[in-house]
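Enquirer: This is the structure I have questions about; it appears just below.
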Amino acid sequence: MVGSWQFVEGKYATKEGYVTAKAPELTSVKLITDTHFSYITQKNGNFHYAGGGKYVLQDQQFIETFSYGNVPSLQGKTMAFDYKVDGDLWHHTLYENGKLVEAEIWQRIK
């Protein structure tokens with residue numbers, strides 16, 4: 001997991017159903033150390049999101065807890081993503097109450 005990752009595509013739950021996003025309209029880089037993560041995201045070339053915090057890998061889950069960022073509702077929030085790494089692709093999904101909330105694919109930056 002340690003390394004630099006770039007966003008490939010994602011699917012996100014909304015009140016109306018799901019929306020999708022793909023590079024290059026949405027670009028993001030996520031940096032993973034042994035204990036922390038951080039990311040910055042642009043949408044159509046403009047700043048969109050940034051944040052980070054601590055994470056642990058446990059029982060095939062990437063569990064991240066936000067410490068900082070520009071989305072107040074994420075401050076202190078912990079999210080447990082099911083994940084798998086297949087070669088240079090990192091797939092992760094988040095479910096809440098049995099419903100898909102988020103699914104993303106990231107590619108390792110070499």
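Enquirer: Mind checking which residues of the stretch 50-70 are exposed (fewer than 14 other Cβ atoms within 10 Å of the Cβ) and either touching a residue at least 60 places away in the same chain (Cβ under 8 Å) or assigned to a loop (DSSP other than H, G, I, E, B) (or both)?
Expert: Asp59, Gln60, Asn70
Enquirer: When Leu74 is evaluated against the numbered criteria (1) loosely packed, with under 14 Cβ neighbours inside 10 Å; (2) aliphatic (A, V, I, L, M); (3) farther than 18 Å from Trp5 by Cβ, which criterion, by number, is the only one it fails?
Expert: Only one criterion is unmet by Leu74, namely (1).
Enquirer: I'd like the residue in the stretch 24-42 that is loosely packed, with under 15 Cβ neighbours inside 10 Å and either under 15 Å from the mean Cα position of the chain (by Cα) or at pLDDT below 95 (or both) and, out of all such residues, is farthest from Lys99 (Cα to Cα).
Expert: Thr33
Enquirer: Moving to a separate point now. Looking for something more than 20 Å from Ile109 (Cβ to Cβ) and charged (D, E, K, R) - is there at least one such residue anywhere in the stretch 23-32?
Expert: Scanning the stretch 23-32 turns up no residue that is more than 20 Å from Ile109 (Cβ to Cβ) and charged (D, E, K, R).
Enquirer: Of the residues Phe7, Phe47, Phe81, which single one is surrounded by fewer than 12 Cβ atoms within 10 Å (Cβ to Cβ), modelled with pLDDT of 95 or more, among the hydrophobic types (A, V, I, L, M, F, W, C) and not in a loop (DSSP other than H, G, I, E, B)?
Expert: Phe47
Enquirer: A further question follows. Counting just the residues of the stretch 84-110 that are under 17 Å from Ser38 (Cα atoms) and charged (D, E, K, R), which one comes out surrounded by the fewest Cβ atoms within 10 Å (Cβ to Cβ)?
Expert: Looking at the filtered set, the residue picked out is Arg108.
The values are calculated or read from the model by the stated rules, or taken from the named source; none is laboratory data. This structure is a prediction, so every number in the text was calculated from the model and none was measured. Every residue, glycine as well, gets a Cβ built from its backbone with ideal geometry; the counts of neighbours run over all protein chains shown.
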